[in-house]
Amino acid sequence: MKRKNLLQSFSQSRREFLHMSAAIAGSIAASSTMSRSAFAARENELNIYCWEGYNSDKVLDPFRKEFKTNVKAQGLISDPDAVNKLRAGETKVWDIINLNNAWGRRQLFPENLIVPLDQARFKPKWDMVLPEFKWPYYWAMSNDGKNLLGMVQRFGPSGVNVNTDKISRETVQNDGYEIFLADDFKGKYAVLMYDDWVIMHLCMACGFSPFDNLSDAQIATYETAMRKLINNAAFLSDDMNAIALGMVNGSIIGSFPGSTYTVSAARFDGNANLRCVIPKKGPNNKPGVCWMELTSTVNNPELSPRAADFLEYCYRPEVCKNVSFAEGTYNPVTQMGDKRVMALYSKEELDAIQFDTLDEDMALCSDFDIIPNYPKLHEIFATAVRERKA
Amino acid sequence: MSRASDFAAEAPAPLRAIRAPSRLASLGRWFAEPGVVAAAPLALLMLGGFLGPLLLVVVFAFMPGGTFSILQVPTLANFVEIVANSYYLSFLASLWLAALTVVICLVVCYPVAFAMVRVFGRHGSILALLITAPLFVADNLRLMGWVLFLVKGGVVSGSLQTWFGIEVDSMLYTSGATLFGLVYIYLPFMLFPIIMGISMVPEQMREAAFDLGATRFQVLREVDVPLAMPGILIGSLMTFILAAGSLTEARTLGGNAVTMIAMDIQKEFGFAQNWPKGSALAVLMILLAGALAVTALKRIDLDLIFGRK
């Protein structure tokens, strides 16, 4: 008997082959139709696009089990990137979007990229929040004040981070950002490469708000300061833990910019000398920038019914704590206004998120907002990085 | 114009008339071949999958800055802006570091590959396994491992301090650290093609050279290296292109001491949200890498390597 090769071993006639091919094609077509109808409701599916933390298993696994839902979560790398992905058509992909406060009210809702929440269901949840976030919270509402655009949970002040063994909190508060731009601070700090945050804080360091339209003279001042900031840095990194490690091992003293969450893991690990400090000198006496994340439901044509459930789930006291202390990033949450949530924190955990000075720090911060001159300011920043004299 | 077309142009008119339809007919017959028909859907899918995104990037490169639509009036503004600004620094840094990576990898890999093929015999496969094993771990994780090794107070400086009292500062965040990361990550991409190249050198050829009185150096220069050249060129090309397009090493180990072109491209697509400029940078990089690949591949006989000659 002649040996057959692998392909020849399929000993079908052409007619049998055609029959089988037709049957396979038919079943594939049928299954695709079925899956489309099965997924139409998307009752067991939820896609979340979020900042790190909400995508942790600590937050998502209990939801997956309780709601028997397949949750896919993707961390985002920048707010504008996420906004543009929704603009480019990814509203069909995502159910939940979690961004810094300004985007929902300024761009997502006016551009019909998110849908308002059911106020009857969600308004009572706002009883849990800290006084400064009380209903109707500015960033959670539409411009006309009629629609609830999302729920606010994690928040934090942002200024600079320093090793307080080397330079005191009071010195940084009183001398302001100028310390980082002084010649004798050369090589003693790292720049945390979250581009928009570097830009915002450097504008503050230059004495003007990044949220105003800047004059040519102000932009020229900003450019000079940016080149100095970048050239004098010991290193530039988008890894907050690498920067914290540098402060722990003494190779640097500070980080520009720095937020509570970029240093809270190191603090929780026993390095209480690392601290986020908000300078007192700056425009409008609010030289820091605070961020509040707004979590909204996307204007997905087939929005998962689990999306609203997830937002509600995130307001359960134990989940608030899990969101607050998700892997690798520890933040205050607005629901710390509720005694049940506060009772879940240990003293060490509160120390890690600098709860002792949280009110004072937040009072020194402007709310994060859209930067009108962002393209120009970012170009200057990128050029300074590229032309860096390391 | 090719020689064949020259010949066709010079041929008498009746002959051209006869030849032209026969070519078309043979092309038609080729398209009707069952193999071609069966492969057509997959070929179309591959064309769409590979060329589609590339084409989109090319189209975006000619769109006005800051737009997210490809239906705008085409412009060369992005390229003008790139030339007018300091992006050449990123291109030069990428090309320079990639070239250095190739040279270092060559110097390290050739002796190792030679030993694996000619000296270690069967034990060479154990070494190959050891070199291949790290490839199963993601690049950034391996680089994070090196961060812990090289950072101040890390494995190296901590050990030197504890055992010998020698204080060593961080060895990270320099262009040297970036180069180290590039060599570490892309070394296997140089090693295995060179192993293949050295394996292609017939032992009899070397023995004949020795019998004719050649010294070891002469055998290396006249026999080993020239005959292993296809592997060396493929390894160099792969290493160069991968290193030139890298960004993690410069970011994680280098602390942005140098800006690679891939970092500029990512910045334009990410924080800057200027997809057209990012696309224009990507197109320039693709052209550069493509020109290099074509030049190198012209010198390599792939048929010989794959045993078809």
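The values are calculated or read from the model by the stated rules, or taken from the named source; none is laboratory data. Nothing here was measured: the structure is a model prediction, and the numbers come from that model. Note: ideal-geometry Cβ built from the backbone for every residue, glycine included; neighbour counts use all protein chains shown.
Could you check how many residues of the range A:173-213 are on the phi > 0 side of the Ramachandran plot and within 14 Å of chain B (Cβ to nearest Cβ)?
Initially, the range A:173-213 is screened for residues on the phi > 0 side of the Ramachandran plot, giving A:176, A:187, A:207.
Subset that is within 14 Å of chain B (Cβ to nearest Cβ): A:187.
The number of residues fulfilling the criteria is 1.
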Can you tell me which residue is nearest to the other protein chains (Cβ to nearest Cβ) among those in the range A:362-379 that are under 19 Å from A:Y177 (Cα atoms) and in a helix (DSSP H, G or I)? A:L377
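Of the residues B:G153, B:G145, B:G158, which is surrounded by 15 or more Cβ atoms within 10 Å (Cβ to Cβ), free of Cβ contacts under 8 Å to residues at least 24 places away in the same chain, within 14 Å of another protein chain (Cβ to nearest Cβ) and assigned to a helix (DSSP H, G or I)?
Details: B:G153 fails: assigned to a helix (DSSP H, G or I); B:G145 fails: surrounded by 15 or more Cβ atoms within 10 Å (Cβ to Cβ).
Just a single option satisfies the conditions, and that option is B:G158.
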Residues to consider are B:R118, B:R122; find the one that is surrounded by 15 or more Cβ atoms within 10 Å (Cβ to Cβ) and modelled with pLDDT under 95. B:R118
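One line per residue, one yes/no per condition, for (1) in contact with a Lys or Arg (Cβ under 7 Å, 6 or more places away or on another chain); (2) closer than 13 Å to B:C109 by Cα; (3) buried (at least 19 other Cβ atoms within 10 Å of the Cβ):
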position: B:M196; (1), (2), (3): no, yes, no
position: B:V201; (1), (2), (3): no, no, yes
position: B:Q204; (1), (2), (3): no, no, no
position: B:A209; (1), (2), (3): no, no, no
position: B:L212; (1), (2), (3): no, no, no
position: B:Q218; (1), (2), (3): no, no, no
position: B:L227; (1), (2), (3): no, no, no
Residue hits (the range B:262-271; part of a helix (DSSP H, G or I) and either acidic (D, E) or facing another protein chain (nearest Cβ under 7 Å) (or both)) are B:D264, B:K267, B:E268
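Go through the range A:96-201 and tell me which strands (runs of 3 or more DSSP E), entirely inside it, have 1 or more residues that are in the same structural domain as A:T297 (by TED's automatic domain parsing) and at pLDDT 95 or above.
Values: elements: A:96-100, A:151-163, A:189-192.
In the range A:96-201, the matching strands (runs of 3 or more DSSP E) lie at A:96-100, A:151-163.
So which of B:L292, B:L287, B:L281 is in contact with a helix residue (DSSP H, G or I) (Cβ under 8 Å, 6 or more places away or on another chain) and surrounded by fewer than 19 Cβ atoms within 10 Å (Cβ to Cβ)? Before the answer, list the steps.
Details: B:L287 fails: in contact with a helix residue (DSSP H, G or I) (Cβ under 8 Å, 6 or more places away or on another chain); B:L281 fails: surrounded by fewer than 19 Cβ atoms within 10 Å (Cβ to Cβ).
None of the others qualify; the one that does is B:L292.
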Could you tell me which of the residues A:N273, A:N249, A:N299, A:N284 is modelled with pLDDT of 95 or more and outside the structural domain of A:K65 (by TED's automatic domain parsing)? A:N273
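Pick out the one residue from A:N285, A:N249, A:N273, A:N300 that is out of contact with any Pro (no Cβ under 8 Å at 6 or more places or on another chain), within 14 Å of chain B (Cβ to nearest Cβ) and not small (G, A, S). I'd like the intermediate steps shown before the answer.
Working: A:N285 fails: within 14 Å of chain B (Cβ to nearest Cβ); A:N273 fails: within 14 Å of chain B (Cβ to nearest Cβ); A:N300 fails: within 14 Å of chain B (Cβ to nearest Cβ).
Step by step, each of A:N285, A:N249, A:N273, A:N300 is checked, and only A:N249 is out of contact with any Pro (no Cβ under 8 Å at 6 or more places or on another chain), within 14 Å of chain B (Cβ to nearest Cβ) and not small (G, A, S).
Restricting attention to the range B:161-187, which residues are out of contact with any strand residue (DSSP E or B) (no Cβ under 8 Å at 6 or more places or on another chain), of a type in the set (A, V, I, L, M, F, W, C) and either surrounded by 15 or more Cβ atoms within 10 Å (Cβ to Cβ) or within 13 Å of chain A (Cβ to nearest Cβ) (or both)? Working first, answer last.
Initial filter on the range B:161-187 (out of contact with any strand residue (DSSP E or B) (no Cβ under 8 Å at 6 or more places or on another chain)): B:161-171, B:174-187.
Narrowing the set further to residues that are of a type in the set (A, V, I, L, M, F, W, C) leaves B:163-164, B:166, B:168, B:171, B:177, B:179-180, B:182-183, B:185, B:187.
Result: B:V168, B:M171, B:A177, B:L179, B:F180, B:L182, B:V183, B:I185, B:L187.
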Single unsatisfied condition, B:T259 versus (1) surrounded by fewer than 18 Cβ atoms within 10 Å (Cβ to Cβ); (2) not in a helix (DSSP H, G or I): (1)
Restricting attention to the range A:45-62, which residues are under 13 Å from A:L311 (Cα atoms) and part of a helix (DSSP H, G or I)? A:V59, A:L60
Would you confirm whether or not the range A:163-177 contains a residue that is aliphatic (A, V, I, L, M) and farther than 18 Å from A:T329 by Cβ? yes
Could we say that A:L130 is under 27 Å from B:Y173 (Cα atoms) and within 24 Å of the chain's Cα centre (by Cα) here? no
Residues of the range A:111-146 that turn out to be under 27 Å from A:N84 (Cα atoms) and among the aromatic types (F, W, Y), as a count: 3
